[in-house]
Structures are given as structure tokens and as C-alpha cells.
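Q: Sharing a structure here in C-alpha cells format.
The values are calculated or read from the model by the stated rules, or taken from the named source; none is laboratory data. Remember, it's a predicted structure, so these values are computed and weren't measured experimentally. Every residue, glycine among them, receives a Cβ derived from its backbone with ideal geometry; neighbour counts consider all protein chains shown. Note: areas computed on protein heavy atoms with side chains; ligands, DNA, RNA excluded. Shrake-Rupley method; radii C 1.70, N 1.55, O 1.52, S 1.80 Å.
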Amino acid sequence: GLEEGAKNQFSTFSNFITTINQKKEGIGNRNSPTQLVIPNIKNGRDLPALCLDVRQKKRMSMDTLPQELKAPIPPEPSLPIRTKTVKDFQDDMEKSKASGDWKAVHNFYSTTFDSFLEINAAFKKDTNSPFNTIEDSGIDAKFVNVVYDALLNTPQDVQKSVLKGIINGLLQEWTGPRTKDDLRAYCILLQNPQFSNTSTYVIYAHLLRQIAALTEADHHFLVHWSKKISQKRFKQVVDRLLQFISLRLFPAKPEEFPPMVKCTWWIPSATKVLALFNAANSLISPPIISYTDFYNSTLDHIDLMEEYHNWQCYGNSHRFSFCQYPFIISIAAKKVIIQRDSEQQMISIARQSLVDKVSRRQKPDMNMLFLNVKVRRTHLVSDSLDELARKKADLKKKLKVTFVGEAGLDMGGLTKEWFLLLIRQIFHPDYGMFTYHKDSQCHWFSSFKCDNYSEFRLVGALMGLAVYNSITLDIRFPPCCYKKLLSPPIVPCDHNALVGICGVTLDDLFQIMPELAHGLSELLSYEGNVEEDFYSTFQVFQEEFGVIKSYNLKPNGDKIPVTNRNRKEYVQLYVDFLLNRSIYKQFAAFYYGFHSVCASYALLLLRPEEVEILVCGSPELDMSALQRSTQYEGYQKTDLTIRYFWDVVLGFSLDLQKKLLHFATGSDRVPVGGMADLNFKISRSETSTNWLPVAHTCFNQLCLPPYKNKKELRQKLIIGISNAEGFGLE
């Protein structure tokens, strides 16, 4: 990167900024509709948003734009003729390294980056072709990569000449509508590795500002061109943008940057450009990089609730909030927002209950501040259903569970066990509510018709209560379920509106019924005569209580043959029938149950994958991480008993490790924050070593007698964790 020489030269850019302001004033009175590429903005809030209000959850196809967004394409200016090839450049680099004479390389860099036209002349695959479609940017990616890879290995004066040229280019390209050559230049400049260095951040910020202020039609091109960038380069650009945001929020050396009050537009501009790359990433299946690669963990340390409240109050107006761009907020940060939002709702509901009691001159009871659920183990489902139905108004209070006839005081552990036992019973195959698919190892809703779907509502309420009370559940639903759960993310006011209906594909079916999905995939690729060989119609058959029933996929479907021409429609309707239509009433009850507890604007920040993690936690156990974060009481981590314990646990099978976690914490899943969030503690038990270990699940605490050898510890521990259900004795 750039060293001290470059920092001295580019540490202040007062001349550059002054020139920018003069340019803005000079063009302020022109009437061209796209005259201001960088408008006269005092702060970042005035920049146009790149995404629609996420609270409305509208989606715009990136493949089609309304006619009014399609700006007329200005004529491309003629480009200079540049004939240097990748090999020519590499030869020049080798000669310069050998001789120490960098004149040819210096000339190439200073000329190439001197203007947007020169950038295109050097890196456009064919200067005579317009390349004005979204399919092909016309950029010679290999040449760009070679030039940028070599740049940081050149002398400082070469690197400085590139930055000077970029400044010239940014100043020259202020006015007039954007040409495709301009967009190509922006796309190339974003990949410049020099922008990883904080000494270049003022230039980088102005580049980002220009890109953020482009029209929606221009953004449309940049999004599609960006998805063609290699995974390595794509990730580098994303990381560079995230680093820029982090260092502007928490600079290591504040003196390196202008005062925050003078550059409030830096972070909004960078975030909006990052949104373009997020949009590009979502267009590819599978995506170029994981959605978690867009997380900025630095945001975990800002006032998230202020961001959330600003977003709630102002939506996607001119006031910037990171909540407008939820892809950048980590799941841990989103969990904090949801928890605090839940706590505020709990406090509000409890306060109202207290006020109502006092206003009626009744004696307040502390139990009124909680959702108190009292159940018998022998009638777990029916009692739970009755309790939650009777106490609908209390669902947003803190949950407390009591098992009739048991001495356990619910400090969290009884609640965890109630969830686990109830889920286990409801999802049992004999219960008939859900079907377990062995191939995919997940449950799906039974399509059997019934008179009452209240138990599906109970399952939805349980999931909502789990999120609301920060409990992780061992539920194995496919990703499609969570997509449906957010369709829409806010319960519609119109009670007749459809809920839980989302666009589904063959990929969604693969995650539930892989064998059936494979058969449908074979149908789509079949090269013979589909109508004559398969003899199928737009009709499906399902067995319900031993009776085969038929359903038409479309009107008169039983009379419409499946042919080579309409087989795609048949497959799509079949998938929609299985995942939407055939289980609509069941899923609608489930949807309303979940949202009866969890209704919050905070849900709009979540992806379906993130809802799954919040509900279920992660099934991936890292016992080494648990060992590192474990606290001790009465023991030291170097004590022989503790060393025996971890030797045994790290050698356990995954099943035994899950049993240990369940025994000690009440759940066999890992919370969002990882093992460290369990606050797991091992305490010394002064009982006889003939006793088994004891757990206090409400405190995630394991009480361990000082067993004399590893064999005895292993034996007692396995007996304990394998027989761990119940509180107290009857």
C-alpha cells in the first residue's frame, strides 16, 4: 500500500474539495435532468436511496425497469487508440524490475487513469463496440486484474500518479448524463486496491458519492456488471467498503480524516454502493459470496436502538439509518434489536396490566407481570393449548412455566424444558401434524384436512415465544418455511389477505422431498415425447387417511395433458401446490400464531435464514469454544478433574455432546452469539463421588463431584446426561 510519502501528499485535499464545490456552483443553474452527478448536498441524508423502503418489502426486478427509468443513452465519445496488451504490460513490468527504470510503467499508469476515456481505451475489450447491455460490461477483466495486482508493487511516484489521475477523472466527469463508458470506469475504479489505505479515503469517498448519486437505470447496469466480477475481486471490493465504513465510524487515527461533521455523507454513500453489490450477489444462485460476508460487526458497537427508532420514525426518507440496509447488520446485532424491542413491549404490557389493576382498586399481584403457564406432564399439549388460548392478552409478557406437582422454580430452565418436551411431542409422527422426510431430515406440514387448526397456531405461537424469550428450539423445518413465515413480514390489516404464500421453486422442493424433486427435474430435461411417454395431466394425487384423492393444478387440469411445451408450467404448479396451496390453512394458522407473539417491525430486518437461526440456533457444536469460555467455581481449569472432564467431552460423539449440552442448558443448540453466550459454568460439588453430576439449567451450570479418575467421570457423566428429564421427584 501507500507509505508515508503518499500520506503526506494526500493527507489534505482542500484544493480538490474546493474545486468540487466550484464545479457544483458552476453547473447549479443548468436545466439538464441529470446535470448533477454529485448534487449540492450538505450531508448524506439527502442522497437518493438505492433501495425501496424495507418496511413495505417491495421488490423490484433487476431484469426489468419501468420505462421512465430508462434514460436516453447519450452518444459515446470516441476513445483514444491504445494497443497495449496484457503480455506487453507484463513484459514492461519485468524489464522495469530488472533495470530499475520504471518510465514505461509510469507512463502507462499515468495515462491510463488520467480520465474515464483513457480507462476505457485501456480496458475495454473492443473500443469499436458499444457494450451497452447488462449482459456484458465489455471490460477486459484479466487486464484489469493484472494491472491492479502489479500496482502495489510499483514505486510510490507511480502509485501517486494513479491517484492524481483518478482525481482528474472525478472532476472531469461531473456534468451531463452518464455514458456506458462512464459506468465502466466506475466499475473499474471500485476495484482499485489503493482504496484499502486510509490515506486515499477522501478520494474513495468522492468516488463512492458519485456512484451513489447515479440514476436507478445506471445502478441497474452496475448491479448486473458487478455480478460478473470474479469471486475473489467481488469479495475484495465488499471488504474494502465494509472497512471504509468501520474506520469512518471508529477511526484508529481520527486526525487522518476530515471532521465527521464535514463528511456525514461518507457512510451513506458507501452503504448505498454496498447495496449495489448485495443486489448483484442476490441475483446469482448460488450467490457469489455468503450473505454473512456483508455483515459489518463494527455496527454491533453503535447505538442500534437509535438506528432502529430512526428507521421506525422516518422509514426510507432522507434520514439515513443502517436499518434501511439490513444486509449490513449482523445476526447478533439484529438479535439485540429484537430482544430490546421485545423487552420494551413486555414492559409496556406489564405496566398496562398494573395500571388496570390499580385503577380498579385491586391489590397488585406480581404474577400479573408474567405469562404464567401451568401444565401437567401427562397432558402437555392439551394443557399448553388451553393456557395459551386463555391468555392471549398476556403473550407478550415474560414467560414462566410451572409443571404441576414438581418443585422446580422457573428461573429459565423449566421454560426451556417445556419448549423441548412440547416440540418433541407435537412433532412425533404419531401425532400427525407434521410429516418427517428422512431423505432431507426435516419436517413438513401434513396436508390432511381437519376441522380445527388451533394446534398449528400453537406451534407458531411456540416459535414466536421462543424468539421473544430468547430460547432456541430443536425444530427441523426447511428454509422454505421461514421464507413463508415472512410472507408478508407484517400481518396485513385485511383479514382476507393471503398469508404464508411465497414464490417457490424446484430448489425449495429439493430441500424437503429430494426424490420427488429429482423426478420433476428429470421430467424437465426429458428429451423424448413427454405426452406419449408419461401420459400425465395437470392433476395430482394424495393419500389421506388411506383414501386416494385427486386435485387439479388448474381448471380442468384432469383434461389437460402434460406436454414438452407446458411441462415447465406443470412443474411450477405442482411445486406451488405442495408447498403453498395444499397446506394453506395449516400454515396460515401457524403464521398467525407466530405473529401473535412476534409482531414487530424488527422482523423486517431479517432474512429467512436469520429467522431460522434465531428460532433454532445453530446445530454446529464447537466444544473447544465452550471449553475456552467456561467459568469455574470451586475448581481451576488446571485441576485434574477438569482436565479429565474436557478430555472425555472432546472425545464424545456428537450425540453425547448434544446430550451434555441439553443436560446442562436445557437445549442442545448453540445460540446466535456462539458458545460464549451460554455463560456455561462448572461448579465443584462437595457430595460423594458415588453421586451423578447435577445441572441447574436455569443458570447453565454443571455441578461436578471431584471424581478420582477419567473412567469413573466418563461413566457417571454418561449416565447423568442420558437420564436427564424432569425436575424434582414424585
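Q: Take the cross-link list 398/658; 334/483; 232/483; 449/484 and give me the ones stretching past 25 Å between alpha-carbons.
A: In this structure, 398/658; 232/483 lie more than 25 Å apart at Cα.
Q: Next question, about the same structure. Suppose all protein chains stay in the model; what accessible area per residue would a 1.4 Å probe give for region 130-189, in Å²?
A: 32 Å²
Q: What is the dipole size for the chain, taken about its Cα centre, with +1 at each Lys and Arg Cβ and -1 at each Asp and Glu Cβ, in debye to the nearest 20? Walk me through the numbers before you get to the answer.
A: Working: 85 positive and 79 negative charges, 348 e Å.
Rounded to the nearest 20 debye, it is 1680 debye.
Q: Right, another one. Taking the dipole about the Cα centre of region 531-609, with the C-beta of Lys and Arg at +1 and of Asp and Glu at -1, give me whichever of 597, 582, 536 is farthest to the positive side.
A: The residue sitting farthest along the positive end of the dipole is 597.
Q: Give the aspartates and glutamates whose C-alpha is closer than 19 Å to that of residue 374, dropping any in the same chain fewer than 8 places away, or say none.
A: Result set, ordered by chain and number: 365, 383, 386, 387, 394, 406, 410, 417, 455, 725, 730.
Q: What does the helix-only formula give at 222 nm for the chain: each DSSP H stretch with n ≥ 4 adding -39500 (n - 2.57), the total divided by the residues, and the result rounded to the nearest 500 deg cm²/dmol?
A: -14500 deg cm²/dmol
Q: Do any of 228/438; 87/180; 363/416 go past 29 Å between their Cα atoms, and which?
A: Where the Cα-Cα span goes over 29 Å, the pairs concerned are 228/438; 363/416.
Q: Given all pairs of different Cα atoms, what value in angstroms does the Kirkwood hydrodynamic radius of region 232-335 take?
A: 14.5 Å
Q: Based on the Cβ-Cβ distance from residue 260 to residue 282, what FRET efficiency comes out when R0 is 45 Å, to the nearest 0.05?
A: That pair, residue 260 with residue 282, gives E of 0.90.
Q: Let me ask you something else. If the cut-off is a Cα-Cα distance under 18 Å, which aspartates and glutamates reach residue 97, setting aside same-chain residues fewer than 8 apart in sequence?
A: 88, 149, 157
Q: If you plug each phi of region 244-252 into the Karplus form 6.51 cos²θ - 1.76 cosθ + 1.60 with θ = phi - 60°, what whole-Hz ³J(HN,Hα) values come out, in order, with x for Gly and Pro?
A: Rounded to whole hertz, the list is 4, 5, 4, 6, 6, 6, 10, x, 5.
Q: Something else now. Add +1 for every Lys or Arg and -1 for every Asp or Glu among the other residues with Cβ under 13 Å from the Cβ of residue 672, and state the total.
A: Numbers: positive: 334, 335, 669; negative: 300, 609, 610, 612, 620, 677.
Neighbour charge sum, excluding residue 672 itself: -3.
Q: Report Rg(Cα)/(2.2 N^0.38 Å) for region 86-294, keeping two decimals.
A: Against the empirical 2.2 N^0.38 Å value, I get 1.02 for region 86-294.
Q: Applying 1/(1 + (r/R0)^6) with R0 = 56 Å to the Cβ-Cβ distance of residue 79 and residue 542, what FRET efficiency is obtained, to the nearest 0.05?
A: 0.35
Q: State the three equivalent ellipsoid semi-axes of region 617-723, derived from the C-alpha gyration tensor as the square roots of 5 times its eigenvalues, in descending order and whole Å.
A: Values: eigenvalues 84, 41, 34 Å².
The answer is 21, 14, 13 Å, longest axis first.
Q: Additional query: For region 549-579 and region 581-647, what is the separation of their C-alpha centers, rounded to whole Å?
A: Comparing the Cα centres of region 549-579 and region 581-647, I get a distance of 39 Å.
Q: Still on this structure, please answer the following. Under 5 Å between amide hydrogens, which residues at least 5 positions from residue 373 or on another chain qualify, with H placed 1.01 Å from N in the peptide plane?
A: Answer set, sorted by chain and number: 400, 401, 402.
Q: Sticking to Cα atoms, compute the Rg of region 564-642 to one decimal and its Dmax as the biggest Cα-Cα distance, whole number, in Å.
A: 23.1, 74
Q: Given the convex hull of the Cα atoms of region 395-481, what is a quarter of its surface area in nm²?
A: Average projection, Cα convex hull of region 395-481: 7.1 nm².
Q: Using the Cβ atoms and a cut-off under 11 Å, what net charge is assigned to the surroundings of residue 501, where Lys and Arg are +1 and Asp and Glu are -1?
A: Details: positive: 483, 484, 581; negative: 576.
That sum, taken over residues with Cβ under 11 Å, equals +2.
Q: For the chain, just list the percent of Cα-Cα distances falling in each 10 Å bin from zero outward, please.
A: Going from the shortest bin to the longest, the percentages are 2, 12, 18, 19, 18, 16, 10, 4, 1, 0.
Q: Can you check what the Kirkwood hydrodynamic radius comes to for region 173-222, Cα pairs only, in Å to one decimal?
A: 11.5 Å
Q: List the aspartates and glutamates whose Cα sits under 15 Å from the Cα of residue 708, skipping any in the same chain fewer than 8 residues away.
A: Straight-line reach from residue 708, under 15 Å: 639, 647, 686.
Q: Helix 567-579: angle to the longest alpha-carbon principal axis of the chain, degrees 0 to 90, nearest 10?
A: Computed tilt is about 40 degrees.
Q: While we're here: On full extension of the chain, what length is gained from residue 168 through residue 145, given 0.36 nm per residue of separation minus the C-alpha to C-alpha distance?
A: Numbers: separation 23, 0.36 × 23 = 8.28 nm, distance 2.22 nm.
Here the segment from residue 168 to residue 145 would lengthen by 6.1 nm.
Q: Lys and Arg at +1, Asp and Glu at -1: add these up for the other residues within a Cβ distance under 14 Å of residue 383 and post the number.
A: +1
Q: Right, next: Relative to the longest principal Cα axis of the chain, at what angle does helix 304-314 sit, 0 to 90 degrees, rounded to 10?
A: Tilt relative to the chain: about 70 degrees.
Q: Further question on the same structure: Using square roots of five times the C-alpha gyration tensor eigenvalues, list the equivalent-ellipsoid semi-axes of region 454-557 in whole Å, biggest first.
A: 34, 18, 15
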